[in-house]
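The values are calculated or read from the model by the stated rules, or taken from the named source; none is laboratory data. All values derive from a computational prediction rather than experimental measurement. We place every Cβ from the backbone using ideal geometry, glycine too, and count neighbours over all the protein chains shown. Only protein heavy atoms, including side chains, enter the accessible area calculation; ligands, DNA and RNA are left aside. Shrake-Rupley method; radii C 1.70, N 1.55, O 1.52, S 1.80 Å.
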Amino acid sequence: SSGINAEWPLRPGTIPPGRLEKGMACVAPFEENHRILFYRAKIERISNDGVTVFFVDYGNVEKVNPSTVKYILKKFATLPESVIKCSFYGVRPVDGSDTNWGQEAISTFKDYFANNIDFLCELKGQASFSKDTYYVELYPYDSNNQIDLSRPVSADLAARGVFEEASGARVHSSTRGRRQGHRGEPRHTDMDEAPAPKARSRARDRGRSESASSEANTELVQSGYYPNRMNPNEYFDVRVCQASSPSKFSVQVLCLKKEKSTDCDSALIPLL
């Protein structure tokens, strides 16, 4: 984001109100400590009283003044979003319905992710109910940086009465692995509001193209972000940054791994 904020004073590029579209990549303002900075965002909703944007690298949603929403340069839009929307795979509410998560279950779900805990995330595949949501499984790391793949988070949440397994139960490996790589920083603890776009801003410029002066990189983008290249059975180090229900939560990708227990693959880390 520091790259974005360094360049926009020279090239404001405010999007005309008539050209604002849902799903459009943009940069939008976020104020903290009496300072306004711009971050990568995506337009979620347009209404008479403002534009609702989703900050694609942090997971939080804010309503902003339409006059503050700006075009994004192509070199920033070619990086995929580092927050992915998730749903646990193969689970359902304990009452047997498809989507009726009770208040007690939701409260327990949010409390579970209220601590500063990072996870290994296994991508299962694209969700059947949303093209931008993925089915996942999570595995916690312990204080010794170890992970037990025989103890998925879904099993723990099921034991706490949050949900039950749907038909077609999953089979989990019993192997253990040592985690290596980026741990990230403490995150926000209010699970209704994702962390404000701030802490990792300097690190996010690593790996960005150095050809800022090229015509391609200075081109303005009027569509969405480049798609994430995610495939089933891929593994990520993640942090849960927003938790609404077992079928609606978001994770921030900290590190992409080629295998379950390997070092982070630096060639595959788009924003960190």
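Values computed for the structure shown
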| item | result |
| --- | --- |
| Some residue of region 61-70 being open to solvent by less than 60 Å² (accessible area, probe 1.4 Å) and small (G, A, S) | no |
| Lone qualifier among A6, A28 - being open to solvent by 40 Å² or more (accessible area, probe 1.4 Å) and more than 30 Å from E164 (Cα to Cα) | A6 |
| Selection count, region 219-241, where residues are open to solvent by 30 Å² or more (accessible area, probe 1.4 Å) and assigned to a strand (DSSP E or B) | 1 |
| Single residue of L20, L10 found to be at pLDDT below 90 and more than 30 Å from N144 (Cα to Cα) | L10 |
| Candidate set: region 80-107, residues that are in a loop (DSSP other than H, G, I, E, B), within 21 Å of K131 (Cβ to Cβ) and in contact with an Asp or Glu (Cβ under 9 Å, 6 or more places away or on another chain); chosen: the one most open to solvent (accessible area, probe 1.4 Å) | Y89 |
| Members of region 115-128 that are surrounded by fewer than 14 Cβ atoms within 10 Å (Cβ to Cβ) and among the small types (G, A, S) | G125, S128 |
| Given (1) aliphatic (A, V, I, L, M); (2) at pLDDT 95 or above; (3) closer than 18 Å to V83 by Cα, number of the condition I46 does not satisfy | (3) |
| Members of region 12-59 found to be without any contact (Cβ under 8 Å) to a residue 24 or more places away in the chain, more than 18 Å from Y226 (Cα to Cα) and either assigned to a strand (DSSP E or B) or basic (K, R) (or both), listed by number | E31, R35, I36, R45, S47, G50, T52 |
| Residues of region 58-102 that turn out to be within 18 Å of S223 (Cβ to Cβ) and either among the β-branched types (V, I, T) or under 16 Å from the mean Cα position of the chain (by Cα) (or both), as a count | 7 |
| Candidate set: region 242-272, residues that are out of contact with any helix residue (DSSP H, G or I) (no Cβ under 8 Å at 6 or more places or on another chain), open to solvent by 70 Å² or more (accessible area, probe 1.4 Å) and more than 22 Å from R40 (Cβ to Cβ); chosen: the one modelled with the highest pLDDT | D263 |
| Filtered residue count, region 139-192, keeping only those that are closer than 24 Å to C241 by Cβ, at pLDDT below 75 and open to solvent by 40 Å² or more (accessible area, probe 1.4 Å) | 10 |
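Quick grid of which residues meet (1) closer than 30 Å to I15 by Cα; (2) among the aliphatic types (A, V, I, L, M); (3) in contact (Cβ under 8 Å) with a residue 12 or more places away in the chain:
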position: P66; (1), (2), (3): yes, no, yes
position: T78; (1), (2), (3): yes, no, yes
position: P93; (1), (2), (3): no, no, yes
position: N100; (1), (2), (3): no, no, no
position: Q103; (1), (2), (3): no, no, no
position: K110; (1), (2), (3): no, no, yes
position: L138; (1), (2), (3): no, yes, yes
